[in-house]
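Peer 1: Handing you a structure now.
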Amino acid sequence: MLDVNGGNVHALRADLHSHSFYSDGTMSPGDVARRAAEQGVELYALTDHDEVSGLAEASAAASACGLAFVPGVEVSVTWGTTTLHIVGLGVAGDDAALRDGLAHVRSGRTRRAREIGESLAAAGIDGAFEGALRHAGNPQMIGRTHFARFLVQRGVCRDVRDVFKRYLVEGKPGYVPHRWATLAEAVNMIGGAGGVAVVAHPARYRFDALALHALLEEFRNVGGTALEVVTSNHTPDDVRRFTQLALEFGFEASSGSDFHGPGESANVELGRVAELSPELRPVWHRFI
Ligand code: AMP
Ligand code: MN
Ligand code: MN
Ligand code: MN
């Protein structure tokens, strides 16, 4: 049981969204856990994309430094024509259906990566597939972040943020549409493994109010119960907007940095996240 500051669950330093090199982070799960503890995080989740193999190492490292740990995952979903991310918190990493489901979600990545390489070659950038592969700690999980690091290293772009404006996104070189899990599959995989499903970084999708309501309604209908209200790429305005939506839909609220590694994005650091509004029910009441 965690000793929560004077019983104030909201004030707990929780960071429930982060990545290791088992997906597209740059650090080992153990190093991420130790860094979280150094940054003053009190409750920490590793949520690698479509992969749970780093959880055992993260859990051991967290317990060695007295940090409370929540095993997590971030599942890639195709909803209409948009890619969404659904975080699962409190999942059993050894759940066979979850592991099989995630293996299936991962299975198209290598082929997609070759196509991204071909698309970049057509735009005059050669060797991108091989270059991205060198950045992928887990070749099965090769993704756009690894291409982004390659493009920065090659001097094509200033930083990763710049890459996602000029390349790899719809309408730009290196964009390859891909079909991931359905929303229901992701929520079922997470729920079946004992976890709670959270819509990750909802502002990232740039939905209008109508599409956002449609998504949240469908998410709730298939069994989703939480919304990531606070995350590094949310502005104070976004936080206010998603606080209202969480209240309107009766969702619990989550908070996480979406840390991928030191220096990867300016101002993204483990534990560097705003406090949730006192009106919200923090999803971590389940884990303390
Ligand atoms: P993939 O799953 O291969 O499509 O890659 C998606 C990953 O790219 C995300 O998990 C982020 O790490 C990264 N990413 C996507 N969009 C952005 C963005 N606008 N800025 C920075 N990183 C991004
Ligand atoms: Mn990522
Ligand atoms: Mn994400
Ligand atoms: Mn993430």
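The values are calculated or read from the model by the stated rules, or taken from the named source; none is laboratory data. Worth saying up front: this structure is predicted, and the values here are computed from it rather than measured. Here Cβ is always computed from backbone atoms with ideal geometry, including for glycine, and neighbour counts include all displayed protein chains. All accessible areas refer to the heavy atoms of the entire protein, side chains included, with ligands and DNA or RNA removed. Shrake-Rupley method; radii C 1.70, N 1.55, O 1.52, S 1.80 Å.
Peer 1: Yes or no: segment 228-243 includes at least one residue that is aliphatic (A, V, I, L, M), open to solvent by less than 10 Å² (accessible area, probe 1.4 Å) and out of contact with any Pro (no Cβ under 7 Å at 6 or more places or on another chain).
Peer 2: yes
Peer 1: How about segment 120-138: which of its residues are closer than 20 Å to R161 by Cα and outside any helix (DSSP H, G or I)?
Peer 2: A123, I125, A136
Peer 1: So which pairs qualify, if the first residue must be in segment 145-167 and touching a residue at least 12 places away in the same chain (Cβ under 8 Å), the second must be within 16 Å of ligand 2 (Cβ to nearest atom) and acidic (D, E), the Cβ gap must be under 7 Å, and the two must be at least 6 apart or on different chains?
Peer 2: T145/D24; H146/D24; V160/E264
Peer 1: So, one more: Output yes when any residue across segment 202-223 is open to solvent by less than 70 Å² (accessible area, probe 1.4 Å) and within 23 Å of L55 (Cα to Cα), and no when none is.
Peer 2: So far as segment 202-223 goes, no, none of its residues is open to solvent by less than 70 Å² (accessible area, probe 1.4 Å) and within 23 Å of L55 (Cα to Cα).
Peer 1: Turning to a different aspect of this structure: Determine the pairs where a residue that is in a strand (DSSP E or B), located within segment 60-78, has a partner that is aromatic (F, W, Y) and more than 16 Å from ligand 3 (Cβ to nearest atom) with Cβ atoms under 8 Å apart, the partner being 6 or more residues away or on another chain.
Peer 2: A68/Y44; A68/F287; F69/Y44; V70/Y44; V70/W284; V70/F287
Peer 1: Quick check: is even one residue across segment 139-147 within 30 Å of A193 (Cα to Cα), touching an Asp or Glu at 6+ places or on another chain (Cβ under 7 Å) and not in a helix (DSSP H, G or I)?
Peer 2: Yes, segment 139-147 contains a residue that is within 30 Å of A193 (Cα to Cα), touching an Asp or Glu at 6+ places or on another chain (Cβ under 7 Å) and not in a helix (DSSP H, G or I).
Peer 1: Still on this structure: Looking at (1) touching a Phe, Trp or Tyr at 6+ places or on another chain (Cβ under 8 Å); (2) under 19 Å from H17 (Cβ atoms), find the lone condition where A113 falls short.
Peer 2: With respect to (1) touching a Phe, Trp or Tyr at 6+ places or on another chain (Cβ under 8 Å); (2) under 19 Å from H17 (Cβ atoms), A113 is out only on (2).
Peer 1: Something else about it: Cβ-Cβ under 6 Å, sequence separation 6+ or interchain: first residue in segment 93-118 and more than 28 Å from G191 (Cα to Cα) and without any contact (Cβ under 8 Å) to a residue 60 or more places away in the chain, partner open to solvent by less than 20 Å² (accessible area, probe 1.4 Å) and part of a helix (DSSP H, G or I). Which pairs?
Peer 2: Listed by first residue and then by second, the contacts come to G117/A128.
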